[in-house]
Amino acid sequence: MSSPVVAAASVSRPRGRNAQVLSLLRRYPMASIGVVIMSVYALTAIFGPLFVGDPLSTSPSDALAPPSSEHYFGTDRFGRDVFTRAVIAARLDVVVGIVIALIAAIAGSLIGVVAGYFGGAFDEVVMRVTDVVLAFPGFVLALILVAALGDSIPNVVIAVAIAYTPYFIRLVRARALAEREREYVDAATLAGNGRWQIAFRHVLPNSLTPAYTQAALVAGWAVLDVAGLAFLGIGIQPPTAEWGVMVAEGANDVMTGAWWTALFPGALIVALALAFQLIGDDLQGEKR
C-alpha cells in the first residue's frame, strides 16, 4: 500500500510539469505557435511520404481536376496529384531550410569568434569582406551564386548559406569582443589554457546566444529564397517535387481558373516561413 507522501509526490510531479509548460506558453506565445506549426511540418516530412503515391505519376485524363475527395489539392496540367507532390516536397523544403541555417550558423560562428577574440588583421579582413557581402540582399547574392555554380540542390544550399553567413559572423564577433574581457577568460589563461583553446572551449559557447535566434530567422528566409529561386527557374528544377517549382508551374494555370495548382504550395511556403519567423521573433524579443 503506497504511503500518502508517495501519492502526493506522484500527483505533484505531473502538476509541476504542466505548470512549466503553461509558463513557457505564456512566456513565448508566438514561439509556441511556431513550434506547433513546425511539428506538423516535421511529422509530414517524416511520415507523409509513407502514405502518398508517386509524385511524378501523371494522368492526362485527370489534368487540372479541381480539389475533391479523390484529389485533396486537385491536379496540375500533367494530371499529377498536387497533394502528393506537396507532401513529398515538405521533406525537401524543411530539410533544406534547416540545413542552410545550420551551415550558415556554424561557419559564421566559427569565423566570428576567431575574428572577435583574436582581432588584428584577420578581424579587419573578415569585417571588410562581411560588409561587402551584406551590401547585397541575401536573395540577390544567392541568385548570383546559383547562376555561377549551377542548378542543383547542393549548389542552392551552398549559395543561400553563403549569403546568410555574414549575419552570424557579425553577431558572434560582437559577443566575442565582450566575452574576451570577462574574468573567466583571465582565469583560463592563468590556468595554462592556450588562446585557441580559450576561444573555442570558453568564449565560443558563451557567444552563441544571439546565433540561436538568428538561426530560426535565417531558416525562414532560406525557405523563401529557395522557393523564389525555383520560381525564377534557377536552382531546383522540374519535375522535382518542390513548393517553389510547383508554384512556378501553376502560375500560368491561375489565368485559366485552376487556382489550386499554385495556391496550396504557395500557402505551405508562407506557413513554414511564418513558423520560423514566429520562433525567431519571440526569442529575439526575449533577448532584448
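Of note:
- Estimated FRET transfer efficiency (Asp62, Asn252; beta-carbon r; R0 22 Å; 0.05): 0.75
- A value for volume of the Cα convex hull per residue in Å³ was derived from the coordinates, and within the list (i) 137; (ii) 126; (iii) 203 it appears as (iii).
- Judged by the mean number of other Cβ atoms found within 10 Å, the most tightly packed of the peptides 47-57, 217-227 leads the ranking 217-227, 47-57.
- Under 9 Å, Cβ to Cβ, from Gly34 - net charge with Lys/Arg +1 and Asp/Glu -1: -2
- Cα-centred dipole magnitude for the chain, charges only on beta-carbon of K, R (+1) and D, E (-1), debye, nearest 20: 1160
- Highest mean first, the peptides 152-160, 276-284 sorted by other C-beta atoms within 10 Å per residue fall in the order 276-284, 152-160.
- Between segment 65-111 and segment 216-288, the alpha-carbon center distance in angstrom: 8
- When the helices of the chain are scored as -39500 (n - 2.57) per DSSP H run of n ≥ 4 and the total is divided over every residue, the value at 222 nm lands at -25000 deg cm²/dmol.
- Highest-first arrangement of 190-198, 237-245, where packing means the average Cβ count within 10 Å: 237-245, 190-198
- Additional length obtainable on full extension of the chain from Phe122 to Asp151, 0.36 nm per residue less Cα span: 7.1 nm
- Given charges at Cβ of Lys, Arg, Asp, Glu: the chain dipole, positive-most of Gly220, Ala159, Pro66: Gly220
Bear in mind that the values in this text are calculations on the coordinates, not laboratory data. None of these values were measured; they are calculated from a predicted model. With ideal geometry, Cβ positions are generated from the backbone for all residues, glycine too; neighbour counts draw on all protein chains shown.
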